[in-house]
Every structure is written in C-alpha cells, then in structure tokens.
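Worksheet: one structure, shown below.
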Amino acid sequence: MGDAGIRTRAQLHADGLTDTDIRRMVENGTLTRLRSGWFALGAHDLRAATAVRDGGVLGCVSALQFHGLWVPPGHTALHLRRSPKMTGKNPACRPFQGPVRSTLDAVDSIPIALKYAAHCLEADEWIAVCDSYLNSTGESVEDLLAQMGAVGPTVRDLAYRTDPRAQSGTESITRVRLRAAHFTVVVQPRIAGIDWSDLRIGKLILECDSVLHHSSREDYERDHHRDRRALLDGWLTMRLTYDDILYDWPGTLADIRAITRADRHRARSARDRAMVQRSLRESGHEGNMPSWPDF
C-alpha cells in the first residue's frame, strides 16, 4: 500500500517532532496544514489531501483506486468518509451498516473502503473488485468480512458471491452477470491442450480480454492458436473484448443466448460428454457441479 504523505499531529509527535518543530515546518513550507491536526508532507496524494481538507479521509472507491485495485471505468468522483461531527462541501459516502467513526490515516484500508464501496458500486462491480483483492492477497471471504467490522446482510451476501480464482475484473463481471441470467458457469476450467480458460458454459468457452489484452504479437498468436486447438477438440470459443463486457453487455448477452438457445453448447455426443467430464476432473469441479445436461 502506498503512502499518501499525510500525517496527523499525533503521528508527527511519534516521529519525534514537537509542536514547535511542526509550527516551524508549516512556516517554511515543509509541511502544509490541511485542517486542525492534519498536515501534508511535501510529496503527498492530492485527492487524499482534498478529502482531509474537506473534513474527512479518502475512502470508498477513491481509496480502492489509491491502493491500486482494479476499479471499473466511470468512477471519477471523489469518495470520502467523514465522521458525523464533521462537515464539508463534498458528500460523504456511507455504508449499509456499521459506520466507522474515526481513523488515524488519511486513506482508508482496503477492507473499510470495500465496506463503504458496496453502497457506491454496482453489485457486479463490487464483487469484481473483491475478487481482485482476494486473488492478490490469498485472504478468505471470512478474513475480509472480519476486517470490515459490522456488516449487514447485503454486504455479506455480496461477499459470498466472490470468487478469488478470477483473473481479471472483466472475467468477474461476466461471471456475475451470466449467473444472474441463470447460466451455469464454470470458473477457470482446465481445457486439455490449451491449459486454463476464463469461463465455461457447457462446451462454450468464454475468454474475457482486458483493456490491455493483445498488447503484443505473441499474445495475439498464442490466443489464436488456443482457439484453433479448442475448436479441433470440439470446444466452442467466444472471445469477449473489454468493450463487449463493459459497454455492450446487452448485445454480448444476446449473442451468448443465441448460441445456448440453439443448444450448440451442449455436450450431446459421448465424445463431447467425455471431453467435458475430463475438464471437470482436471479443474477440480467434479462432484460439485449440477447434473447433466447443465455442466
């Protein structure tokens, strides 16, 4: 986690500075007073400083962005958390339950930011951010919930819809939206000859590309080789771009429904059923999936 470059008076005291030292540093410009008891170092995060000046701390979606988590596009407003006794010009974010009253840091921790972001992000967006956090840290859902403190049923329900196996935000959002549309989706299935894929519905493999995908010719060639090999083995592949998922989901979902409505994704033959069963075994899903024909 980065350093926002903002300190409370108590933190400066802990670093060995006296009130006289602090006053002199403000006078010579080494420190900038943001509000009573809060100071910015020479190098500091501007959005965090704005939040502190406005009587709060950087929180919610803005804190998640500060900590480097993947956040879907379109969230550019300043998000801050403010104690009830403070006021400011920017609206403060609020959680579904159990507000945090105080802090010693200018930027909320990721668990506290996620607790508040559940109120500001769409459900699929919030789950995607949590997937990213759990994937990168190795923490469990129970760990995350414990660090959030008091949460209500809304956040708890969302948290148990996360999946730390997801490899990208676009994959997470696709999974959540497809399950909401009543599809049986397998996460990170292992496919013979092409290793791991993002998602699978029956014989239909879904690859969810990020905004930076195919940044090199090697990536482009590798993916086309994977798609060709999968087709030869009997799999269908649909490669979804970043824009397909985030900006044209209705059209994308209509295409997926067109394939599945015609049952082209079903493993009807003995060969295809054996192929899908092998993928289940190698992915560690066998015994945990719905009965035929939905796998």
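Points worth noting:
- Inter-label distance, Thr184 to Thr103: 4.4 nm, where each label sits 7 Å from its Cα along the C-beta direction.
- Computed from the alpha carbon positions, the gyration tensor of the stretch 48-150 leads to an equivalent ellipsoid with semi-axes of 22, 15, 12 Å, biggest first.
- With the simple spin-label model, which puts each label point 7 Å out from Cα in the Cβ direction, the His119 to Ala14 separation comes to 2.7 nm.
- Charge dipole (the stretch 6-131, unit charges on Cβ, about Cα centre) - positive-most of Asn90, Pro73, Asn28: Asn28
- Lysines whose Cα lies under 29 Å from that of Lys115, excluding same-chain neighbours fewer than 8 positions away: Lys85, Lys89
- Taking 0.36 nm per residue of separation and subtracting the current Cα-Cα distance, fully stretching the chain between Asp195 and Arg23 would add 55.8 nm.
- FRET efficiency, Ser83 to Arg33 (Cβ-Cβ, R0 22 Å, nearest 0.05): 0.70
- In this calculation the C-beta distance from Ser140 to Ser210 is compared with R0 = 25 Å, giving a FRET efficiency of 0.50.
- Local net charge near Lys115, Cβ-Cβ under 12 Å (Lys/Arg +1, Asp/Glu -1): +2
Since every read-out is calculated from the coordinates, none of them should be taken as a lab result. Computed from a predicted structure; not experimentally measured. Heads up, the Cβs are rebuilt from the backbone with ideal geometry, glycines too, and the neighbour counts pull from every protein chain shown.
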